[in-house]
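Notes to accompany the following structure.
The values are calculated or read from the model by the stated rules, or taken from the named source; none is laboratory data. On a predicted model such as this, the values are computed, not experimentally measured, just so you know. In this analysis, Cβ positions are derived from the backbone assuming ideal geometry, glycine residues included, and neighbour counts consider all displayed protein chains. For the accessible areas, the whole protein counts, side chains as well, though only heavy atoms, and no ligand, DNA or RNA atoms are used. Shrake-Rupley method; radii C 1.70, N 1.55, O 1.52, S 1.80 Å.
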Amino acid sequence: DAGVIQSPRHEVTEMGQEVTLRCKPISGHNSLFWYRQTMMRGLELLIYFNNNVPIDDSGMPEDRFSAKMPNASFSTLKIQPSEPRDSAVYFCASSLGNGYSPLHFGNGTRLTVT
Amino acid sequence: QQQVKQSPQSLIVQKGGISIINCAYENTAFDYFPWYQQFPGKGPALLIAIRPDVSEKKEGRFTISFNKSAKQFSLHIMDSQPGDSATYFCAASPVQGAQKLVFGQGTRLTINP
């Protein structure tokens, strides 16, 4: 039973470069979430989708961040251009999206921007 | 008003002891309160959750106590084991937008053998 799959696990890039993080949600789940985790700010919700449609992107820090969900089995989070303050662990999570169904998190992508 | 405040930041408990982590919220629209457990290198995973229609929920060694009037809830881990060493997050979400969880800052729990 595959869980949420994220790639890459680690990404090191230089300031100014474009970064793309990828997520495959659990099959049958129709809600997908992108979170960012840092020591200072904890777990922050960046954006979430329901049935591939972005519902709330109020947590996206600025225009350098964008997220897409072209189909039910794939989502990307892109940062362009990246900055050192974007260094964090980025988690993707999915859920059935009904009522109080739990979020299932992937193992995250650790992003380091130098 | 959207914040969930969690304490302590870190906690060390002897094996067999009781671990207690506390959370407080302000938004009275919150009506779902889950706890997530995170091991190093892994994503958080749901541990236990409560709705405010009950004051306590128990699952094995894990218990949530909920005080609606004080807007506080806590996680108790009985007979704490070294395998319980992890970071614990409380969270809350409103009736509308139940999936839009607001997380506490996390508590790093260490159980000494």
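Across the range A:5-63, the number of residues qualifying as in a loop (DSSP other than H, G, I, E, B), modelled with pLDDT of 95 or more, over 27 Å from B:Ala92 (Cβ atoms) and not hydroxyl-bearing (Ser, Thr, Tyr) comes to 7. The conditions of being out of contact with any Gly (no Cβ under 8 Å at 6 or more places or on another chain), at the interface with chain B (Cβ under 9 Å from one of its Cβ atoms) and not aromatic (Phe, Trp, Tyr) are not met by A:Leu43. Selection within the range A:39-68: residues that are open to solvent by 20 Å² or more (accessible area, probe 1.4 Å) and of a type in the set (A, V, I, L, M, F, W, C). The member of this set that is nearest to A:Glu18 (Cα to Cα) is A:Ala67. When every residue of the range A:79-90 is checked against the conditions, none turns out to be within 14 Å of chain B (Cβ to nearest Cβ) and at pLDDT below 95. For the range B:17-27, the set of residues classified as free of Cβ contacts under 8 Å to residues at least 60 places away in the same chain and under 12 Å from B:Asn67 (Cα atoms) consists of B:Asn22, B:Ala24, listed by residue number. Every condition in (1) open to solvent by 10 Å² or more (accessible area, probe 1.4 Å); (2) under 15 Å from the mean Cα position of the chain (by Cα); (3) within 11 Å of another protein chain (Cβ to nearest Cβ) holds for A:Leu32 except the one numbered (1). Restricting the range B:72-103 to residues that are modelled with pLDDT of 95 or more, in a loop (DSSP other than H, G, I, E, B) and open to solvent by less than 70 Å² (accessible area, probe 1.4 Å), the residue that is nearest to the other protein chains (Cβ to nearest Cβ) is B:Ser85. In the range B:30-45, the count of residues that are acidic (Asp, Glu) and open to solvent by 40 Å² or more (accessible area, probe 1.4 Å) is zero.
Go through the range A:72-85 and give me each residue that's surrounded by fewer than 20 Cβ atoms within 10 Å (Cβ to Cβ) and under 15 Å from the mean Cα position of the chain (by Cα). Once the filter is applied, which keeps residues that are surrounded by fewer than 20 Cβ atoms within 10 Å (Cβ to Cβ) and under 15 Å from the mean Cα position of the chain (by Cα), the range A:72-85 yields A:Ala72, A:Ser73, A:Phe74, A:Thr76, A:Lys78, A:Gln80.
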